[in-house]
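Since the structure comes first, as structure tokens, the remarks are kept for the end.
The values are calculated or read from the model by the stated rules, or taken from the named source; none is laboratory data. In this text, all values refer to a predicted model and were calculated from it rather than measured experimentally. Note that each Cβ is placed from the backbone with ideal geometry, even for glycine, and that neighbours are counted across all protein chains shown.
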Amino acid sequence: MSAFVPTESDPFYEIMRPPPDETPAQMTARLKREADAQRISDNIDEDIKRDRAQQRKARKELRILLLGQGESGKSTTLKNFRDDDDEPGPSSRPHRDSNSSAADAFTDKHRMLLIRLAPLRGLEAELKRRLGAGAEPIHPSAPMSATPFDDPAPISSPKRAPEFFVRSWTDAIVDPSSFSPSHADLDSSTITLMTCKDDMQALWTDTAVQLALDRRKVRLADTAGFFLNDLDRIATRAYTATDDDIVRARLRTVGIQEYLLRISDGFSLRGGDNYWIWKLYDVGGCRTMRSAWLPFFENTDVIIFLCPVSCFDERLDEDSRVNRLEDSTLLWRSICSSKLLTKTQLILFLNKCDLLKRKLKRGVKVKTYLPSYGDRPNEVMPVVKYLREKYKEIQKQHSPEPRVAYIYTTTVTDTTATAKTLHSIRDRVLRENLVTSNLV
Ligand SMILES: Nc1nc2c(ncn2[C@@H]2O[C@H](COP(=O)(O)OP(=O)(O)OP(=O)(O)O)[C@@H](O)[C@H]2O)c(=O)[nH]1
Ligand SMILES: [Mg+2]
């Protein structure tokens, strides 16, 4: 620890200035006194923090922060905290229409489809208006730090942050019936979608269109919020959103959102009276939003950090010069080394394993983008193992105090598998916090 050395601009300079005739021995003694005072002050801060944590735990309250870069799957993980037993249905691949026009040329038929589908542009604008800022694409910005929260200067109260939303836990538990036509007015958007359904299907299954997409390496089916295979089910009057639809829908998180969940001590969301309150904080992950994270570090018991492992060849939307995996690694290192988070339980999700599998199958080589991967096999298991070791090592090296590594490989759009992961996490988190709060 470095001792406090006053500068001339410091208001206490006159009082704290070393005496002009200080001998080396006096200086050593003074520095020791100052270091001791600093240590006592640090210990008091620590005690206050521990007391607050104990009080929260005595109230059976836990604060959990979801962190990770934009599109890493934080909000999707949150949706999985819904205690719903419905199995998601499998989605089918697009079948190509063998009767469609000549393989690789656009014709009058395509031009006609474009004209007939024009109302969808108006529909898109209307939906964006209703959904707000989260539906807008990010525009690339000037270079920004990956970890703006490392600079402790601009701490602002979360309550005063302009983009802070508080939601109740009933909002987090989405009621599918609220999507049914009896509740939602069958407005012009629904009607436009129904009217355009056949034309959208004709365009999507058209061989020339599919070939053009292949040629331009546009992989729509891998992109967020892909629903074109499900038009028959979705573009209808009776459409009700399924669990699978909810986790695949994409809306950027703007600012920080708070959700409250009641978690039973019996490790089930639908428990008896004996429950914990979990306060979950979902943050916007792109670089422009990360400075808002810092105020939430102070009293956080658990962090679930998402690293999308499929992103090794992708770049950030907000800064196209930055590789996504590198950004995620920088973030993880900074979270691990943060002094404010020394006592925080870190849970790492190596997410988007399904997309990693598809990408490797297409022949994209990890080594090209991550030279340190070397000559290991270009397959899912070795890639995941490599990243797991890498992230585990970062945690070990950078944590101010030793802590357990909780690492899960996930595909958070797979609600069945994620339910099992979250169940195991609930179990571990509750057990650990019951122990630290002396409740067992
Ligand atoms: N295939 C696949 N898609 C995923 C997975 N995890 C998330 N997604 C999709 O990726 C998109 C982004 O996920 P979000 O949960 O919105 O990401 P986020 O981290 O909340 O992003 P920001 O709010 O911008 O910080 C959504 O369309 C998800 O459906 C995954 O494991 N596999
Ligand atoms: Mg989000």
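Some observations on this one:
- Qualifying positions in the stretch 187-220 - among the acidic types (D, E) and within 30 Å of G363 (Cα to Cα): D206, D214
- Scanning the stretch 119-150 for residues that are surrounded by 14 or more Cβ atoms within 10 Å (Cβ to Cβ) and not in a helix (DSSP H, G or I) turns up I138, M144, A146, T147.
- Members of the stretch 284-333 found to be within 16 Å of ligand 2 (Cβ to nearest atom) and part of a loop (DSSP other than H, G, I, E, B), listed by number: G284, G285, C286, L316, D317, E318
- Restricting L341, L348, L331 to those that are free of Cβ contacts under 8 Å to residues at least 60 places away in the same chain, more than 11 Å from ligand 1 (Cβ to nearest atom), of a type in the set (A, V, I, L, M) and surrounded by 18 or more Cβ atoms within 10 Å (Cβ to Cβ) reduces the list to L341.
- Residue among P6, P20 that is in a loop (DSSP other than H, G, I, E, B), more than 28 Å from I425 (Cα to Cα), at pLDDT 75 or above and away from ligand 2 (no atom under 16 Å from the Cβ): P20
- The stretch 244-262 residues that are touching a residue at least 40 places away in the same chain (Cβ under 8 Å) and outside any loop (DSSP other than H, G, I, E, B), paired with ones that are more than 13 Å from ligand 2 (Cβ to nearest atom) and among the β-branched types (V, I, T) (beta carbon under 7 Å, 6 or more apart): D244/T415; I246/V174; V247/T413; V247/T415; R248/T413; E258/V166; L260/I277; R262/I277
- Only one of L78, L114 that is touching an Asp or Glu at 6+ places or on another chain (Cβ under 6 Å) and either modelled with pLDDT of 50 or more or acidic (D, E) (or both): L78
- Residue in the stretch 212-222 that is touching a residue at least 60 places away in the same chain (Cβ under 8 Å), out of contact with any strand residue (DSSP E or B) (no Cβ under 6 Å at 6 or more places or on another chain) and under 22 Å from C311 (Cβ atoms) present: yes
- Residue, nearest to the chain's Cα centre (by Cα), within the stretch 45-81, restricted to residues that are away from ligand 1 (no atom under 15 Å from the Cβ) and not in a helix (DSSP H, G or I): R63
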